[in-house]
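Remarks on the structure that follows.
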There are 2 protein chains.
Amino acid sequence: MLGFKRKLKLIAITDKKLKPDIIKSVEDALRGGATSVQLRLKESPTKEMVDLGLRIRRLTRDYDALYFVDDRLDVALATDADGVQLGPDDMPIAKARELAPNLIIGGSVYSLKEALMAEREGAHFLGAGSVFPTPSKSGVRVIGIDGLKEIVESVRIPVVAIGGINKDNVVDVLHTGVVGIAVISAIMGAEDVYKATLELRRIVDEVLKDE
Amino acid sequence: MLGFKRKLKLIAITDKKLKPDIIKSVEDALRGGATSVQLRLKESPTKEMVDLGLRIRRLTRDYDALYFVDDRLDVALATDADGVQLGPDDMPIAKARELAPNLIIGGSVYSLKEALMAEREGAHFLGAGSVFPTPSKSGVRVIGIDGLKEIVESVRIPVVAIGGINKDNVVDVLHTGVVGIAVISAIMGAEDVYKATLELRRIVDEVLKDE
């Protein structure tokens, strides 16, 4: 689990609606420089999740990237993921740590209160948002750059920003002290996933080298 | 895991649509004589599954019944279930056994071929069906009494019958050599879950005492 922080720079999250060929989109994102991939797949049969997860596991190994699973600890364990991302509606973080002590646990938080709670429960890092309004998730709370900064300054664990981040606003986001960004639309919504990832990665590297 | 077979006599499966108050329906079924409860909850947040599962775990302990989770190994592990029920669209049985060697694994099978495969993969028992057409699952294959009998005679592990079983057809089902039945509608579709379970349990006990 050591040294995972630097792999949180650019997390590409799958989106079956935007890119039905999940494996192709993941490989394009990895070629473009995604440092982690998160398999996020709601309402699919478990077997489909496991099959896709095993292929993403192989691809992420090839590209020396981390592989996370959203919500599903069973899929994470069955596919030898590096970690699992757990939000307020998912399995409690403390329970997940107990069941899977070797997994990196990312806490998905949407407020300072949730951030502090996730840290206390044992999250290894946080995915905090939604920084901006986002087409990928409707009805989520928008915390803005200020809300993000407050979370970054209030916890000791690494924070990754999520929610509506794209090449036009990413510089402001990175200046809050986050270790990286997680994106869906900015990558999976692009016509060319590879190019979109490449461009985001270039900006992230440029800004974070001075941080 | 020893001696679980006799607890498979009457498995009550939850149904949120038929009985939105899942905990009440489970307690009614247990009072009526269900020997196992299976938490089956599609498309609910994991946290809700875990919360309900923990309550069902306590109730089943009180009534000396077994507690299974449909599909979700993570929920089974997080709520200290006795077992998990896995079908062709769920996690592969062999993988589940590897991840959770202490859980009873029930394989859901819809043909002789699937039954033999689930046994080979390491299932501890089978849930075989659908014996009759059922309102709980549309589009499933109906194997009939003959198909059920063929499965029972072809495997060495205990078989539980599932699918459209009710008090009017349960005697024929029990004569195939199954160790028990799993029901949704016959119990959860009844106005009085307690009474419906009581009546089914009475018939099951009556028939199986001679087997």
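Since every read-out is calculated from the coordinates, none of them should be taken as a lab result. Keep in mind it's a predicted model, so treat the numbers as computed, not measured. Cβ placement follows ideal geometry from the backbone for every residue including glycine, while neighbour counts extend to all protein chains displayed.
Annotations for the structure displayed:
- Label-point separation in nm, A:Ala94 to A:Arg6, each point 7 Å along Cα→Cβ: 3.5 nm
- Electrostatic dipole magnitude of segment A:61-106 [Cβ: Lys, Arg +1; Asp, Glu -1; Cα centre; debye, to 20]: 160 debye
- Label-point spacing at A:Asp64 relative to the other copies reads 6.1 nm, in ascending order, each point sitting 7 Å out from Cα along Cα→Cβ.
- Paired Rg and Dmax values of segment B:97-211, which use every Cα atom, in angstrom: 14.2, 41
- Under 5 Å, built H, 5+ apart or other chain: amide partners of B:Gly180: B:Ala161
- Label zone at A:Asp80 (point 7 Å along Cα-to-Cβ), backbone N below 19 Å, segment A:13-35: A:27
- Shortest-first nm distances, A:Ser154 label point to equivalent points in other copies (7 Å, Cα→Cβ): 6.0
- Comparing the protein assembly as shown with the 2.2 N^0.38 Å rule of thumb, its C-alpha radius of gyration ratio is 1.09 (two decimals).
- Where chain A is rotated onto chain B, the residue of A whose Cβ comes nearest the axis, and that gap in whole Å, is A:Asp74, 2.
- Charged side chains reduced to their Cβ positions (Lys and Arg at +1, Asp and Glu at -1) give segment A:7-208 a dipole of some 180 debye around its Cα centre.
- Modelled spin-label separation between A:Glu43 and A:Ile145, with each label point placed 7 Å from Cα along the Cα-to-Cβ direction: 3.6 nm.
- With θ taken as phi - 60° and the Karplus curve 6.51 cos²θ - 1.76 cosθ + 1.60 applied, the whole-hertz 3J(HN,Hα) list for segment A:10-19 is 8, 9, 8, 9, 5, 8, 5, 6, 6, 9 Hz, x standing for glycine and proline.
- Hull shadow area, averaged, segment B:19-63 [alpha-carbon convex hull, nm²]: 3.0 nm²
- For segment A:88-94, the Karplus equation 6.51 cos²θ - 1.76 cosθ + 1.60, evaluated at θ = phi - 60°, returns couplings of x, 9, 9, 4, x, 4, 4 Hz by residue, with Gly and Pro reported as x.
- 5 angstrom amide H check on B:Ile143, placed H, neighbours 5+ away: B:Ser130, B:Val131
- Restricting attention to segment A:99-211, lysine pairs at least eight places apart or on different chains and with alpha-carbon atoms under 20 angstrom apart total 6.
- Per-residue HN-Hα couplings for segment B:106-111 [Karplus 6.51, -1.76, 1.60; θ = phi - 60°; Hz; x = Gly/Pro]: x, x, 8, 10, 10, 6
- Long-range HN-HN contacts of B:Ile104 with modeled amide H, under 5 Å: B:Gly83, B:Val84
- Residues in segment A:55-99 reached by a label modelled at A:Ile157 [backbone nitrogen below 11 Å; 7 Å Cα→Cβ]: A:84-87, A:93-97
- For segment B:5-208, diffusion coefficient by Stokes-Einstein and Kirkwood Rh (Cα), 25 °C, 0.890 mPa s, µm²/s: 149 µm²/s
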